[in-house]
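The values are calculated or read from the model by the stated rules, or taken from the named source; none is laboratory data. Bear in mind the structure is a predicted one, so any value in this text is a computation, not a measurement. No Cβ is skipped: glycine too gets one built from the backbone with ideal geometry, and neighbour counts run over all protein chains shown.
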Amino acid sequence: MISTIHTQLVTHTPAAFRLPLQLTPHFVQREILVQALQHIFREALEDGDFTFLKGRWLEIHITDIDTRCVIGYKEGSLISSHTAKKPDVSMKANLNDLILLAARKEDPDTLFFQRRLMIEGDTELGLEVKNLLDSIELDSLPSVLKHGLVTLADFIHKGLHAQAKGIQNNDAHQNGSTCRYPSN
């Protein structure tokens, strides 16, 4: 019962963000996302690891809450744009998977090959973005943010795992592969 509630929370909570996000102006959404990314990638920005994005645009599309942001790099900072004609590369995933990715509970390759992370557009740029995602260091985050992110990711991971286990058990039951013994 608790496992079912947990799974339902994990799978349905992102949809609860959809309406508030639709009511929030896009420039506010973009600013929040850029500030969050600035925090997460602070060390990488300081090291100049984002120079590959200079003069180019990356679209981040969070599919289940239908929000997107186009970001670039300028003078050591991430910037957002609502006027970029077409992004050079687009990264799409649902909110839970992005949280798992940020908390290092899933790696980009696994999500990519399971089609839970889609990267489209400039292949070379997409590979650089994927490698950058792979290099996220949680220890560089403020401890409160790190703890919150890891706790949330653990909750999501367990809920998704319980969901997958439930689907497997249901498939096995439907295929008749469960054993039933007659009672005496």
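Observations on the structure shown:
- Pairing each residue of the stretch 1-16 that is more than 13 Å from His161 (Cα to Cα) with any residue that is at pLDDT 90 or above and not in a helix (DSSP H, G or I), provided the two are 6+ apart or on different chains, yields C-beta distances under 7 Å for Pro14/Asn94.
- Residue count for the stretch 45-80, restricted to those that are in contact (Cβ under 8 Å) with a residue 40 or more places away in the chain and more than 23 Å from Ile99 (Cβ to Cβ): 3.
- Out of Arg18, Arg42, Arg30, sole residue that is under 20 Å from Leu149 (Cβ atoms) and of a type in the set (Lys, Arg): Arg42
- Count of the stretch 37-59 residues, restricted to those that are part of a helix (DSSP H, G or I) and modelled with pLDDT of 85 or more, is 8.
- Residue within the stretch 69-91 that is modelled with pLDDT of 90 or more, over 20 Å from Gln35 (Cβ atoms) and out of contact with any Gly (no Cβ under 9 Å at 6 or more places or on another chain) present: no
- Count of residues meeting criterion [surrounded by 13 or more Cβ atoms within 10 Å (Cβ to Cβ), free of Cβ contacts under 8 Å to residues at least 12 places away in the same chain and over 17 Å from Ala44 (Cβ atoms)] in the stretch 126-162: 2
- Among the candidates Lys92, Lys86, residue that is out of contact with any Pro (no Cβ under 7 Å at 6 or more places or on another chain), within 23 Å of Leu19 (Cα to Cα), charged (D, E, K, R) and surrounded by fewer than 19 Cβ atoms within 10 Å (Cβ to Cβ): Lys92
- Cβ-Cβ contacts under 6 Å between residues 6 or more apart (or on different chains), taken from a first residue in the stretch 96-123 that is closer than 13 Å to Ala153 by Cβ to a second residue that is of a type in the set (Lys, Arg), are listed as Asp97/Arg116.
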